[in-house]
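Accompanying notes for the structure given below.
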Amino acid sequence: MKRFFLLTTCFLIVGFLTDAQNKLKPAKAVQEPGYKIRQYRFVLLTTGPNTTVDTATSAQLFENHLANISLLYKQGILKIAGLFGENSHQRRGLLVFDCPTKKDGETIVQSDAAIAAGLFTAEITSWYTLAIDSFELGKPQE
């Protein structure tokens, strides 16, 4: 009887674990052929050296910064953009670019008026993820 109970318990545990593993299968996109890990440029924006700019100039630079973000998104270059809340590390925001080289990323970064004016500094790092959803190749659908 003890053996029967132990054997039944083992079968139940194995069945439960198998069911749990089936529920944890990767997303459909990961399983489909054609989806590959791609390299992007992760750009960390921090407070720049220019902290003495007047309010009107700062407002214009931020307006141009947001216009540039919108343009890069429409061109399919910018995949993600966002800002950080208050923090002690002077982190201001992040951008993810779809561009082939770090040098291309640096050129794109310098096209931003707020970065060029020194309100932000940009640190560019290679970053990898699946080319799905926001990271699909090309321009976003309208």
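Nothing in this text is a laboratory measurement; each read-out follows from the coordinates by a stated rule. Since the structure is predicted, the reported quantities are computational estimates derived from the model, not experimental observations. Virtual Cβ from ideal backbone geometry, glycine too; neighbours counted across all protein chains shown.
Output the peptides 87-98, 105-116 sorted from most to least packed, where packing is the average of other Cβ atoms within 10 Å over each peptide's residues. Show your work: numbers first, answer last.
On the way: 87-98: 15.7, 105-116: 17.9.
Result, highest mean Cβ count within 10 Å first: 105-116, 87-98.
Can you work out the FRET efficiency for the pair residue 106 and residue 132, with r the C-beta to C-beta distance and R0 = 25 Å, to the nearest 0.05?
About 0.40, to the nearest 0.05.
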- Each residue of the stretch 61-77 in order: what ³J(HN,Hα) in whole Hz does its phi give by Karplus 6.51 cos²θ - 1.76 cosθ + 1.60, θ = phi - 60°, with x for Gly and Pro? 5, 5, 4, 5, 4, 5, 5, 5, 4, 4, 4, 4, 5, 5, 7, x, 7
- Distance in nm between pseudo-label sites at residue 121 and residue 66 (7 Å out along the Cβ direction from Cα): 2.7
